[in-house]
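Working notes, structure below.
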Amino acid sequence: ITTTMQQQHHRHHPHRHHQQTQQTQRKQQNDSPFSVRLSRWIWDGVMQQERSWRARTSPIRIRSHRSAAVMVLAIVAFGCCCVLPFAAFRSSLPSLPSTSSSSQGVTTLRTQKALQNMRFIEDGDARREQLPSSGHDSSSSSSYIARNLAQQQQQPRQSVTPQHNQSAASTNDAGKPPSSAQLKKILYIVTSMNEFETGKRHTQRGADRYKNTVVPVISESVNSMLQMGYAVDVVLIADYSLKHARRMLLRNALPTNTNTTTSSIQVTFWNDATPLGYKMEDATMPNAKHKANRTQYITRALARQHRFVIKDKLLDYDFFVCFEDDMIIKGPTIQNYVDMEAEIYRLRQMAPYIQPRQFVNLPREVQVEHGTPFYGPLTKDQLKRIIPGFIRVEVLLDEARYGAQDQLDPVPMTDRPLIDPDVCCSITQDGLDTKSNAHAHTHANANDMRPPSPASDQLVLWETNIKALGVRKMPPASTLFDWVVLQRGPRYLEWELYIADYWSNHKNKYYQGEERPDEKDFLYVNNQGGWMATRRQVWEWHTEICSGGFLPPFSEPHFPLDGLDMRNVEYWSGGLQLFTREHGCNLQRIISLHPDHVAKQLLYHSSNNKQRQLHKRRWQIVKVNDLFAQLNTVKQNAEQAMAEMVAIIQYHWSRKQHKRQP
């Protein structure tokens, strides 16, 4: 009866029934979740648009649109079926470094294959990491190297103990090698221009330079590095092409590598490595203008090629040693560099960001009397630009004809040292190490031009002088440094980066009326004949410090013609790029005056030909013992001046504090 009454009521009042139905539906919708209500609202809107479209469209057109929609859905479904399985398979493969899509970009495997077939001749199998080519866009390779370096830096930093303070775990009198925590992989790169002597620079024309100089130098250096516990691989970059028999001369002269799982040392030869280009100097020479538009071998740019090797091998080695083919690099020299670099980095972590006020707002009497303080703390940015330095030396062969300066500079000597020449300049003779008299290997590296055990007073230098040098007191937080020598080179630095020193001729004490030589004067700039650095240093130089970068590609404006412009050999291989300003890094080299460090900062120029070249400028040849005795005098003068500066500054600040008190 109730149902019949409701039906009759609906028939007589249809509008009320419609209102009740809408209220019921609205209540159900409000009670449902928000996502359901939102989907219904969207669907209602779509259906309303569909109904209005159908009302104004013909049936034929509706069927055509329906067919097009079905076709689009079919294409999308087919694409998903093809792409999704391939993406799943690709994600299961190991990831490779990304490469640039530029015209110069090539894939990693193709690049490594080209390097193996065209640039290098390998003796034995070499493990090659998949690195981006140095010839393509630097963005992809730089990001790949940065990611790998960041991953390696997340590992705990291995502490390097100074050799003179090492305990039983280090190289001591017992002759034990360093522990595995100190073991580092070294890539030793040598650049050689001539296989046979040309007769220039007081050499014997036609002499076998490769056999008599290159092979003994590499053999002597590698043997000393191995004795210090390093694992060493060698790369020889040559302008000439070596046959198999000539390559075996070097391999047979190398000792056995006992510091790695593989007993043999990997030796890589890059033959005919001189790049082709246009010689800019031909355009300025009247007799050579016809050659200006020809591609020629740029022999001075052979010294640039080691940068490509370093970029390819940057992640494979911990330390890089790059020198000319007549420079002997000893293991203690490398260990000392590592210790000094680690100490500089430690000081840098502790250093302030800005100089303290007492070293910035100096009293006027201090500025007039003593100038900028040559002691006290250094900022992080200043320490970032400090690297350990070296001095090239030779051994006097005929002091009567080719000796050192007859009259010393006016700076007197104090506590004249007798530097141990065996640390830098002893040579293996008849298969014996002259220092330990123990059997090293079967190759004899000493000859008439390289005496096996020179005397201390036979060591001379020619590329700097006491007149240009100054000393500085390192921060008191240092446990390795005390007083150091600031070598010449950097200039025009911002005031926040400038590192002051105490000049040897302070207040015209020894050279009356003479000014200090210019920083870029090549007579005092101290060319090193090469450079060495840790992997962290190389990356920091390339990304943060050096103008235009340190590794390839070499692009304008800092490197016109891909770096094949008028830059000389010393810019690339002599280290001038590191410590000069023109398109360089403007780094500051230091030489420690600590007696335990002096001999380890000397590099042996084993050709011993500079003493003959400069026999008419004998005043330029200085004995190493004499120079460091003069530096001891300068250090004493600086200590006295520092005491006066400290007293004046303390008095000045005490007066300021007294005035501020109420």
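Of the GluC sites (Glu not before Pro) found in region 501-573, the ones in coil according to DSSP and having at most 14 other Cβ atoms within 10 Å of their Cβ are E514, E515. Apolar share of the accessible surface for region 565-633: 52 percent from carbon plus sulfur atoms, 1.4 Å probe. 3J(HN,Hα) along region 317-325: 9, 8, 8, 10, 10, 10, 9, 6, 6 Hz, from the Karplus curve 6.51 cos²θ - 1.76 cosθ + 1.60 with θ = phi - 60°, whole Hz, x for Gly and Pro.
Charge dipole of region 576-662 (Cα centre as origin; +1 on each Lys and Arg Cβ, -1 on each Asp and Glu Cβ, all else neutral): 260 debye, rounded to the nearest 20.
Prolate is the label for region 483-568, because a/c, from the alpha-carbon gyration tensor with a ≥ b ≥ c as root eigenvalues, is 1.5 or above and a/b exceeds b/c.
Label region 504-662 by shape, choosing from rounded, prolate and oblate, from the square roots a ≥ b ≥ c of the eigenvalues of the Cα gyration tensor; if a/c is under 1.5 it is rounded, and otherwise prolate applies when a/b is larger than b/c, oblate when it is not. Since a/c reaches 1.5 but b/c is at least a/b, the shape of region 504-662 is classed as oblate.
Computed from phi, the 3J(HN,Hα) profile of region 477-483 under the Karplus parametrisation 6.51, -1.76, 1.60 (θ = phi - 60°) reads 6, 6, 9, 10, 9, 10, 10 Hz, with x in place of Gly and Pro. Taking θ as phi - 60° and the Karplus parameters 6.51, -1.76 and 1.60, the scalar couplings of region 399-413 work out to 5, 5, 8, 10, x, 7, 4, 6, 10, 6, 5, x, 6, x, 9 Hz in sequence order, x denoting glycine and proline.
The trypsin sites (Lys or Arg not before Pro) found in region 545-630 that occupy coil by DSSP, while having at most 12 further C-beta atoms within 10 Å, are K616, R617.
The distance from the alpha carbon centre of region 536-564 to that of region 488-520 is 28 Å, rounded to a whole number.
The values are calculated or read from the model by the stated rules, or taken from the named source; none is laboratory data. Everything quoted here is computed from the prediction, not taken from an experiment. Heads up, the Cβs are rebuilt from the backbone with ideal geometry, glycines too, and the neighbour counts pull from every protein chain shown. What goes into the accessible areas is simple: the full protein's heavy atoms, side chains included, and nothing from ligands, DNA or RNA. Shrake-Rupley method; radii C 1.70, N 1.55, O 1.52, S 1.80 Å.
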